[in-house]
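In what follows, a single structure is set out as structure tokens and then discussed.
The values are calculated or read from the model by the stated rules, or taken from the named source; none is laboratory data. In this text the structure is predicted, and so the values were computed from the model without any measurement. Neighbour counts run over all protein chains shown; Cβ positions are idealised from the backbone, glycine included.
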Amino acid sequence: MPVRLALFGFGNVGRALARTLLETKAPFVVTALATKRHGAVVDAAGIDLGTILAGTDLPLRELPPIASVPADVLVEMTPLDPVSGEPALGYVRNALTAGMHVVTANKGPIARAYRELEALATKQGRMLRFEATLADCLPVFTLRRAALPLATITAIRGIVSSTNNHILSAAATGVPFEDALADAQRLGIAEADPRNDLEGHDAAAKATILANVLMGAELVPEDIAREPIDERAATAARAAADNGDRVRPLIEIARRGGKVVASFGPRRLAPMDPLFAVDDFSMGLVFETDLAGRVVVQLHDPHVDQVAYAILTDLLEISGTMPRP
């Protein structure tokens, strides 16, 4: 029998996931779909995603209680609230409590309550997966489980913001800051209100997740020192390019004085740095480890379909652990 999915949130990511499910014929059936603005639909026999993608109105005006939804996995893709993590945090908590597995693309719940949610998932004998929260389908948490299970990660540096990396890459070639931002918005990479990216809130949430999940820290996003990506950073990027260097929007996480500290901001890189070539909308991370040495992963020019792919890989992992009749 196919694994039953409840999709909460049906914006760009949700629609990309629906297309991916249809195109790949993956072994899943969507039995519930809920949105904040456009209503919801629940059908234990399965929803016709093609019809939904064509623009059919959803019959239910209110979101159904998660515990009442006939689903094995909640796929949570609602918009990010970087301050509270809600309503996504409540959705994830309620789904785990109801005995569902959870896959989320939302940074808020993992940045705000990872320890609580992971403990709840363990207690319930369910899986909590969140590969898409960090950098589209850049392999991070799957890499940890599959390739670095015994290694201690001692430091992390990386580019996890497509918007900011595009702006600084464009600025280095002389493109005005506002034009580079507008281009990212036109392509759907940057939000209409880009402050979460430019002020570093999005990167701070991601740094928090990396520090807590991979390095055992107990940080919250407010602990992350932030420098904005602004006209000054663009000017620095142009100056660095004139001297053969590049400025990149980096998160940096390290152990200092017995604790984990993290920061985000524009940093100047020399050509030999492994992140030097991570250009435009691309992203990458450098892991310093005790046993595996330095491990570098990169994702070239991702788009929303890669976010959907990350969700799909989490779903496939979960489906592989579920008992079959």
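Structure above, values below:
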item: Evaluation of Arg232 against (1) outside any loop (DSSP other than H, G, I, E, B); (2) within 26 Å of Ile153 (Cβ to Cβ) (one fails), failing number; result: (2)
item: Residue match in the range 255-263 (condition: of a type in the set (S, T, N, Q), touching a residue at least 12 places away in the same chain (Cβ under 8 Å) and under 30 Å from Asp81 (Cβ atoms)); result: yes
item: Filter result (crowded, with 18+ Cβ neighbours inside 10 Å and without any contact (Cβ under 8 Å) to a residue 60 or more places away in the chain) within the range 96-105; result: Leu96, Val102, Thr104
item: Condition check for Arg226: charged (D, E, K, R), closer than 24 Å to Pro302 by Cα and modelled with pLDDT of 95 or more; result: no
item: Selection within the range 123-171 - assigned to a strand (DSSP E or B) and in the same structural domain as Gly216 (by TED's automatic domain parsing); result: Ile153, Thr154, Ala155, Ile156, Arg157, Gly158, Ile159
item: Conditions (1) touching a Phe, Trp or Tyr at 6+ places or on another chain (Cβ under 9 Å); (2) not in a helix (DSSP H, G or I): number failed by Val260; result: (1)
item: Hits in the range 164-220 - residues which are over 17 Å from the mean Cα position of the chain (by Cα) and among the β-branched types (Val, Ile, Thr); result: Ile167, Thr173, Val175
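Each row is one residue, and each column tells you yes or no for (1) more than 18 Å from Ala155 (Cα to Cα); (2) touching a residue at least 60 places away in the same chain (Cβ under 8 Å).
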{"position": "Arg267", "(1), (2)": "no, no"}
{"position": "Gly284", "(1), (2)": "no, yes"}
{"position": "Pro302", "(1), (2)": "yes, yes"}
{"position": "Ala310", "(1), (2)": "yes, yes"}
{"position": "Leu315", "(1), (2)": "yes, yes"}
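For every residue, the table says whether it meets (1) of a type in the set (Phe, Trp, Tyr); (2) buried (at least 20 other Cβ atoms within 10 Å of the Cβ); (3) part of a helix (DSSP H, G or I).
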| position | (1), (2), (3) |
| --- | --- |
| Gly188 | no, no, no |
| Ala192 | no, no, no |
| Asp202 | no, yes, yes |
| Ala205 | no, yes, yes |
| Leu210 | no, yes, yes |
| Glu218 | no, no, no |
| Glu222 | no, no, yes |
| Pro228 | no, no, no |
